[in-house]
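Below: the structure, in structure tokens.
A short reminder: the numbers here are calculations on the coordinates, not readings from a lab. The shown structure was predicted, so the numbers you read here are calculated from the model rather than taken from an experiment. Here Cβ is always computed from backbone atoms with ideal geometry, including for glycine, and neighbour counts include all displayed protein chains.
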Amino acid sequence: MSSDKQEMDFFQKKGLTQPPAPLADRMRPQSLDEFVGQERILGPGTVLRRAIEAGEVGSAIFWGPPGTGKTTLAHIIAQATGSYFVAFSAVLSGVKDIREVVQKAQVQREVHGRSTMLFVDEIHRFNKAQQDAFLPHVESGLIHLIGATTENPSFEVISPLLSRCRVYTLDSLSKEHILTILRRALKDRRRGLGDFGPRVAQKALNFIAQMSNGDARVALSALEFAVTSTQPGKAGIRSVSLKIAEEAMQRKALVYDKAGEEHFNIISALHKSLRGSDPDAAIYWLARMLEAGEDPLYVARRMVRFASEDIGNADPQALQVALAAKDAYHFLGTPEGELALAQAAVYLATAPKSNSIYSAMGRVQREIHQTQALPVPLHIRNAPTRLMKNLGYGKGYKYDHDYEDHYAAQENLPDKLIGRRYYFPSNFGFEKEIQKRIEWWHKKKQQAQRDAPGKEEQEKKGGP
């Protein structure tokens, strides 16, 4: 018997004739007290929480990964503000539907004295015509717009509409957040799975929480399938083992704890394999992390860092490859986007290596800590006002393009640091060419200094 049939039979015994809503929908928090996660924007005293409690949220856009509570927050806000709630499909609806929403909003305000909250899921799919049609009504306050998106709203929402909304960024839920949500669903006898008599092994719960990648909807769906597909024992208990959880998630458990020692061991193995120019080991450890449920964008961020820290200008293209892989995964998702990460890992592993940029930053940071805030030389200071010019700001600056080879050979470091060097290119890859350029400019500067008139000669000519 399928899990859906078992669940339907179970609920029919309780007097329900219609198929129950999915567990993720049934367990949707009804208030801020039930809401799990997002403490950064919803913790006590935060701007958004105070606005919700005061019933004065206005228009807002919630930007974050799937399953982090964007839709739930919209429902909670509508309930807290007593607003008329309207859900709008950016994909299926057009300008005609917008007019109907506006008409209903006018009726709600004039007849019932209620504001209208329009919730647009996946607002990044709003086309420009839809956004333009809503703009005057959002501006007038007839409609309070709540948008939810997994995409950067700066690129997907027109500026006039975006400027009238507060953007709140939601984070992926932690493993502990997911565990809290799962345990609540197991105990809840009214909305959750409590009446099924579930007994879920801790390893199974941990596995579901870990493999859900911070998405509460995915975790609850897997838990529901695991419990309802398990036949009850003699005592009516449905025992869910790690094996059943693996089947529910359609993934195998690997020895990997995203918050523990093994996490750092494997990311260290990936980093050192890339540094050691070992493409086979690099894609092995990459695959180990992805198969164990690591956030692929976390892996992408580590490779972007590696491109600058361990390759740098030995192959300037490496940073572009890493960023392109990050964007490709963000665009394609799993599993297709994982190939882009593997492609980047092989490129980074086989690229020429140099830590010259990393070392240069370390030298500069130590210098700054020792010498503190040395003054900017007058000749390269900005001089936007007459007073600043009278004080000598910008005086003596040489515009490089006015000189031969577009190089004026002037000093740009603070006076106390003239002659210091921090960046030393390696002899690998493109840094060979950079080293040639630096040597050429250094010779040009030395020649300019030899040809420059001495201080006494400058004073005779009335120079500085």
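Taking the C-alpha atoms only, the angle from helix 128-140 to the longest principal axis of the chain is near 80 degrees. Overall form of segment 175-249: oblate. Here a/c, set by the Cα gyration tensor axes a ≥ b ≥ c, is 1.5 or more, and a/b is not larger than b/c.
For F85, the shell of other residues with beta-carbons less than 12 Å away shows a net charge of +2, using +1 for Lys and Arg and -1 for Asp and Glu.
Taking amide H as placed 1.01 Å from N in the peptide plane, the amide H of R166 sits under 5 Å from that of S59, A60, I61, each at least 5 places away or on another chain. The alpha carbon gyration tensor of segment 38-169 gives principal lengths a ≥ b ≥ c with a/c of 1.5 or higher and a/b no greater than b/c, which makes the shape oblate. When K353, K187 are sorted by how many other C-beta atoms sit within 10 angstrom of their C-beta, beginning with the fewest, the order is K187, K353. Let me know the shape class of segment 305-374, please: from the alpha-carbon gyration tensor, a ≥ b ≥ c as square roots of the eigenvalues, rounded when a/c is under 1.5, otherwise prolate if a/b is greater than b/c, or oblate. In terms of gyration-tensor shape, prolate.
Using the Cβ of V364 as centre and a radius below 12 Å, the other residues enclosed give a net charge of +3, where K and R count +1 and D and E count -1. Excluding Y168 itself, what net charge comes from residues whose Cβ is under 10 Å from its Cβ, given Lys and Arg +1 and Asp and Glu -1? Charge balance near Y168 sits at +3.
State the extension gain, in nm to one decimal, for the chain segment bounded by A129 and K104, taking 0.36 nm per residue of separation less the distance between their alpha-carbons.
Result for the pair: 7.0 nm of gain on full extension.
Working note: 222 nm ellipticity from helices only, DSSP H runs with n ≥ 4, each -39,500 (n - 2.57), summed and divided by the residues of the chain, gives -15000 deg cm²/dmol to the nearest 500.
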